[in-house]
Amino acid sequence: MKGLDFIIMDGVNNKKNIRGISLEELSLLLTAHGEKAFRAKQIWQWIWQRGSTDFEQMSNLSKNTRELLNQHFYFDCLWPVQVQTAADGTRKTAWRLRDGFLVESVLIPGNQRFTVCVSSQVGCKLGCKFCATGHLGFKRDLTTGEIFEQVIQAQKAAETQGMPLSNIVFMGMGEPLLNYEHLLQAIERITAEDGLAMSPYRITVSTAGIPDKIRQLADEKVRFNLAVSLHSAKETVRSSLMPINKAYPLSAIAESLKYFVEKTGTRPTFEYLLLKDINDSLEDAKALALYCRQFPIKINLIEYNQVEGSAFSHSPEKRQEEFIKYLEGCHMVVHVRRSKGQDIDAACGQLAGKETKNPGLSD
Ligand code: SF4
């Protein structure tokens, strides 16, 4: 357990981020100030079960306790700066963080339920060519609290529309496995009985493919779903779309996925964005089917959301149909994800990149 000095000195104006400490650390601070240890659990429930970000809301605490908390802690809150709603109900929010950076989350309506797509980093290091976030560069990792709050905010927004938030996908800004510790802590809080108690099977983490992190996840016996953004089963094509493929080629990803499947007994998903004349030919489908023979896998084919000024185009219907038909002929499990929110800046990173007041991210 860390000492009290660490708790009170590390933070903003000598305050500590309360969503960055453990229950034990909170308990230590409270008892050092003459409070009963059980208060820590009450505060913990306010933060992680009810999603409170205001000590004054914590009505079962005394005024003195609330003052003590205000003296020593702050919340790493998100503030909405822009909301865009598409004709199909998809709602994208740009959030301002405490230090002024912006991130996005997207609330997507489905069949009597909502899915939220959350960000894990401000910007991204990986620079995928088809991705608006990739053009923004990397600023910093999100904290556990900043990831968690995107989910809380989505839950509240879903409730106001009378439908539950049932699924969480880590497919927003950033590479989640490069913010490994905060990602796992946030998922632990989202799924914990003394947190939001959501099913881990309703959570999908999508990675560009970081083999050592995929192995690490397998060793942790994760229970959430793993998706890998593949986008091509040809090395040269994938490298041209995703520069990270030069460091972690398809062969390395395949080895880590074999390990993952063996250790967890789960079937990951490949995300495959269909791009006209880049990766949507019959040859590409054959390469994909061959690559997928190595392990049990599902395939999500994604329609490209046309981005203004982009070098990429939406794959024509006929091309898509042939691609799907070939894969199904190989007895593969294929789902097609139609683009949502086509009339807003729904592609990852577009809205945050447009917000001109962002101190770190340029257009
Ligand atoms: Fe980063 Fe994902 Fe965009 Fe690639 S697609 S640049 S990994 S945010």
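For the chain, the share of DSSP beta bridges that are antiparallel, to the nearest 5, is 45%.
Fully extending the segment from GLU283 to GLN57 would add 75.4 nm, taking 0.36 nm per residue of separation and subtracting the current Cα-Cα distance. Taking the number of Cβ atoms within 10 Å of each Cβ as an exposure proxy, the fewest-first ranking of CYS131, CYS124, CYS330 is CYS330, CYS131, CYS124. Does the stretch 62-137 classify as rounded, prolate or oblate by the C-alpha gyration tensor (a ≥ b ≥ c root eigenvalues; a/c under 1.5 gives rounded; else a/b over b/c gives prolate, otherwise oblate)? The shape class here is oblate. Listing VAL118, VAL261 from fewest to most neighbouring C-beta atoms within 10 Å gives VAL261, VAL118. Candidate cross-link partners of LYS139 among the lysines, defined by an alpha-carbon separation under 26 Å and a same-chain spacing of 8 or more, comprise LYS15, LYS16, LYS92, LYS125, LYS129, LYS213, LYS246, LYS354, LYS357. Size descriptors for the chain, from the alpha-carbon set: Rg then Dmax equal 21.6, 71 Å. Sorted ascending by nearby beta carbons within 10 Å, beginning with the fewest, PHE148, PHE75 become PHE75, PHE148. Relative contact order for the chain: 15 percent, from Cα pairs under 8 Å spaced at least 6 residues apart, divided by residue count.
If you stretched the chain out fully between GLN294 and SER310, how much longer would it get, using 0.36 nm times the residue separation minus the C-alpha to C-alpha distance? Contour length minus Cα-Cα distance gives 2.4 nm. Under 5 Å between amide hydrogens, built in the peptide plane, is the criterion, and for LEU275 it picks out ASP280 among residues at least 5 positions away or on other chains.
Between GLU24 and THR85, the contour length at 0.36 nm per residue exceeds the alpha carbon distance by 17.8 nm.
Every number here is computed from the coordinates shown, using simple stated rules; none is lab data. Because the structure is predicted, anything quoted here is derived from the model rather than measured. Virtual Cβ from ideal backbone geometry, glycine too; neighbours counted across all protein chains shown.
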